[in-house]
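Data block below; observations after.
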Amino acid sequence: MAFEQQRQAYRITTVNDAADQASIHPGMTLAAARAMAPQLRTFPRDRMLEKQALEKLASRATRWTPAIVIRKDCLLMEIGGSLKLYGGLQSLLISVDSWIQTEAHRFQTAVTPTPASAVLSARAGRTLCITDRSQLISHLRDLPIEWLNLECRQSDLLNRLGIHEIGDLLRLSRHDLARRLNPAVLNQLDQIVGRTADPQLFYKPPLAFYEDVALMQDTDSIEFLLPAIEHLLNTMDVQLKHSCAAANHLNWILTDDHGYSLDIPVQMSCPHRETQVFLKLSRLAFEAVQLKRPVTHLALKAKLLISIPEDNDVLLADNCNLSGDPTVLLDSLQNRLGFKAVQGIRLNPDHRPERSWMPCPPGEPGPTFRSFPRPLWLLHRPRHMDIKHGQPCLQGKPLLLDKQVERISSGWWDKNPVKRDYYLASNNQLRAWIFRDLGSGQWYLHGIF
């Protein structure tokens with residue numbers, strides 16, 4: 001049972017079934033509730049948690065419609081544009097009710113032609129399904145005025161006048177309503193019955209995902225975590241599909257009840273949206289981890305979700321094989337061996353050949369510049385070459401030098417200066433890249449094409 005301070009008194013805001021059976025209801029003071037049932041367990045209301053819960057529901061509700069509005073205690077879904085897709089109103093309502101039963105302990109739904117009337121009906125506990133606006137007023141007449149957004153002064157005035165239901169208010173003249181109460185109250189009534197526009201600010205799901213689950217029991221076994229891993233990935237899959245997004249980084253967080261926390265990152269070289277890819281890479285990442293103590297909770301956080309165009313589903317899903325995708329192979333190696341164990345190569349802005357490249361994350365672009373031809377195989381250290389009859393030789397056989405010479409003179413600012421003349425050289429066995437050191441006059445083999 002939850003409570004909060006209202007009008008200088010602590011009042012009940014939410015009750016469970018047991019409290020309801022004990023005749024405890026929202027609005028009752030906390031002192032009165034404890035007098036009726038001293039064994040009640042009470043908790044202060046946490047509006048931030050309520051807001052987070054509504055945002056989570058709103059993100060998942062985008063599977064039916066993108067037009068969702070978050071109110072302080074409810075969700076509004078504009079479903080008119082989704083009826084044909086889901087086979088009509090009743091079919092869509094069955095689908096939504098089936099979903100919300102798995103997400104919320106208690107809920108109330110109402111379908112009406114206007115947003116304000118739907119909110120009013122749901123808050124009052126009135127289950128309605130009305131599509132004809134002409135029938136709306138007849139179903140709302142007997143609702144108490146307490147469910148309207150009225151100030152205390154306005155509620156007291158209406159009670160003194162003997163006005164207790166919305167139908168009583170609607171029978172009054174519009175002029176008297178505006179004069180006795182406030183034009184805002186008249187506008188509220190007009191929005192309920194659809195006489196005036198009621199623009200809404202639709203919710204935009206964040207390009208991020210976070211969800212956690214409590215494990216059935218403490219465990220230090222990775223295999224025991226697999227069902228929870230699959231559940232969280234399937235939950236994320238719904239958001240990815242309805243947000244037309246993909247993820248290129250996952251972070252698994254394992255915790256216990258004593259402050260222990262372990263992060264297991266899953267990095268990808270490019271964005272993916274396939275659950276089977278996420279599952280494969282996550283299993284590889286988990287296999288490289290040894291849990292030092294049992295954990296009680298598992299959370300999944302996905303960042304850097306990048307909007308991508310929506311693709312059609314594969315007709316024969318069983319034949320969809322991702323094993324030939326080089327990015328999946330690369331990601332598998334990285335998550336199994338470690339991110340630093342699998343590296344790419346890119347250019348480094350240094351003219352010295354042995355320093356003209358550097359390791360980088362796979363796929364990371366580097367600088368580009370024009371140069372003479374370079375061999376793919378560069379020796380770790382230049383190898384000294386013999387000279388016969390004034391010709392550099394390789395394995396006892398002379399090399400024929402190309403007439404074009406490339407002089408590299410660099411590194412004078414550090415402790416490794418070079419001053420060399422490079423040549424393309426070849427014989428009937430290979431094509432090599434050699435140079436003559438201008439300081440010593442010696443010849444060296446530096447690479448093979």
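Taken together, the values in this text are just the output of simple stated rules run on the coordinates, not laboratory data. Everything numeric here is computed off the predicted structure, so don't read it as measured data. Here the Cβ is made from the backbone with ideal geometry for all residues, glycine too, and neighbour counts use every protein chain on show.
For the pair residue 428 and residue 71, label points projected 7 Å from Cα toward Cβ lie 9.2 nm apart.
Kirkwood radius for the chain, taken over all pairs of different Cα atoms as the inverse mean of 1/r, rounds to 29.2 Å.
With r defined as the distance between the Cβ atoms of residue 21 and residue 303 and R0 fixed at 41 Å, what FRET efficiency is calculated, to the nearest 0.05? About 0.35, to the nearest 0.05. With a Förster radius of 35 Å applied to the beta-carbon distance between residue 343 and residue 261, the computed FRET efficiency rounds to 0.75.
Applying the criteria of a DSSP loop state and at most 15 other Cβ atoms within 10 Å to the chymotrypsin sites (Phe, Trp or Tyr not before Pro) of the stretch 172-211 yields 202. Which of 204/301; 241/280; 51/241; 241/292 have a Cα-Cα distance over 30 Å? The answer is 241/292. Segment residue 226..residue 104, full-extension length gain: 41.4 nm, with 0.36 nm per residue of separation and the alpha-carbon distance subtracted. Remark: spin-label model distance residue 179-residue 372 equals 10.0 nm, labels positioned 7 Å along the Cα→Cβ axis.
Loop-resident trypsin sites (Lys or Arg not before Pro) (DSSP state other than H, G, I, E or B) in the stretch 355-428 with no more than 11 further Cβ atoms inside 10 Å of their Cβ: 370, 403, 415.
For the chain, modelled as a GNM whose springs connect Cα atoms under 10 angstrom apart, the maximal fluctuation among 437, 414, 218 occurs at 414. What fraction, in whole percent, of alpha-carbon pairs in the stretch 48-207 exceed 27 Å separation? Within the stretch 48-207, distances greater than 27 Å cover 30 percent of Cα pairs. Spin-label model, residue 380/residue 413: points 7 Å from Cα along the beta carbon direction are separated by 2.9 nm. Here the stretch 2-45 yields Rg over Rh of 0.91, to two decimals, using C-alpha coordinates and the Kirkwood radius.
On C-alpha positions alone, give me the angle between the axis of helix 47-61 and the longest principal axis of the chain, in degrees, nearest 10. Result, in degrees: 70. Residues considered: 80, 396, 366. Largest GNM mean-square fluctuation over the chain, using C-alpha springs under 10 Å, is found at 396.
Sparsely packed loop sites in the stretch 127-200 (the trypsin sites (Lys or Arg not before Pro) outside DSSP H, G, I, E and B with at most 14 other Cβ atoms within 10 Å) comprise 141, 195.
Between 0 and 90 degrees, the angle of helix 183-193 with respect to the longest Cα principal axis of the chain falls at about 80 degrees. Measure nothing but the geometry: give the 0 to 90° angle between the long axis through the Cα atoms of 275-287 and the longest principal axis through the Cα atoms of the chain, rounded to 10°. Result, in degrees: 70. Maximal additional length on extending the residue 405-residue 208 stretch stands at 65.4 nm, based on 0.36 nm per residue less the C-alpha distance.
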